[in-house]
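The values are calculated or read from the model by the stated rules, or taken from the named source; none is laboratory data. A quick note: this is a predicted structure, and the numbers were derived from the prediction, not measured. Backbone-built Cβ (ideal geometry, glycine too); neighbour counts: all protein chains shown.
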Amino acid sequence: MSISEPLPTDEKNGAAAAGGNGTLLELRKVTKTFGPVRALTDVDLKVPAGKVTALIGDNGAGKSSLIKTVSGLWGPDGGEILWEGRRVHLHGPRDAEALGITTIYQDLALCDNLDIVQNMFLGHEPLRHRMLDEPTMEIAARNTLKELSVTTVRSIRQPVASLSGGQRQSVAVAKAVMSQAKLVIMDEPTAALGVVQTEMVLNLIKTLAGRDVAVLVISHNLNDVFEVSDRIAVLYLGRLVISGPASDFDRQSAVEYMTTGTSGRAPGGAGAA
């Protein structure tokens, strides 16, 4: 079954306009319910290509529900998802990956008993004469890490279990780059990391955006949010209450939106996306 479908004629102009201003992913009135509980209500969100969008909100705001919906784990109960201007129906994570959406969860989904190369190619191993093409895998893995300025790993053949938290994030990001991801979703990428490792991950995020990859970062750390994000979107009790350029916010207004759903302090007058 196709995961995308053309828009009706009366919606094509709007989609073309979205593509014209670089919107890669768009949510329109997306709703997700679990019995009587509404995890998401009429969420409108645009994620532009080549930009870092920070999704922030208090615990229970709906951040996990939103990224699982975009990742294809859960289908929305209302609204629609547009990808590059076309309405899409995601029936599972493979559909999202086929479009170019990669999600890096907090557990990173890496195999500790495998080395860096094996993790980067897991499930997509190239074959040569019905055998793993190890030289090609090593060259591609080494070049990708180099392009991302990852220089701290001792060997691309060292087990992932031996890596630091920042290095593990680097491997997960490199894996996404090798899969030709157009949108990388990162769930609390700097949680429990030290200062040096955090800086490594933030530099990776900037590098991804510099490669014209859209990055959607979910984080509670506002210092990280304001260091790397181009745009900020705030969820409050399942509703997207505001989104706009990061320059339109300061830390106090961001906290107020996260905790109350409103603020009188947005310096740039940020508006709903």
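In the range 52-171, counting only strands (runs of 3 or more DSSP E) that sit wholly within it, the ones holding 3 or more residues that are closer than 20 Å to Arg211 by Cβ span 52-56, 101-104. Looking at Leu99, Leu110, just one residue is more than 16 Å from the chain's Cα centre (by Cα) and either of a type in the set (A, V, I, L, M) or at pLDDT 95 or above (or both), and that residue is Leu110.
Of the residues making up the range 78-90, those that are within 16 Å of the chain's Cα centre (by Cα) and closer than 18 Å to Thr41 by Cα number 2. Checking Ala140, Ala98, Ala109 one by one, the residue that is over 19 Å from Ile205 (Cα atoms), touching a residue at least 12 places away in the same chain (Cβ under 8 Å), of a type in the set (A, V, I, L, M, F, W, C) and surrounded by fewer than 17 Cβ atoms within 10 Å (Cβ to Cβ) is Ala98 and no other. Only one entry in Gly92, Gly165 is out of contact with any His (no Cβ under 7 Å at 6 or more places or on another chain) and closer than 26 Å to Leu24 by Cβ, namely Gly92.
Considering every residue within the range 23-42, establish whether at least one is within 21 Å of Gly100 (Cβ to Cβ), modelled with pLDDT under 85 and either in a helix (DSSP H, G or I) or under 15 Å from the mean Cα position of the chain (by Cα) (or both). Scanning the range 23-42, I find no residue that is within 21 Å of Gly100 (Cβ to Cβ), modelled with pLDDT under 85 and either in a helix (DSSP H, G or I) or under 15 Å from the mean Cα position of the chain (by Cα) (or both), so the answer is no.
The condition (being over 16 Å from the mean Cα position of the chain (by Cα) and of a type in the set (Gly, Ala, Ser)) is satisfied by just one residue among Gly50, Gly75, Gly57, Gly62: Gly75.
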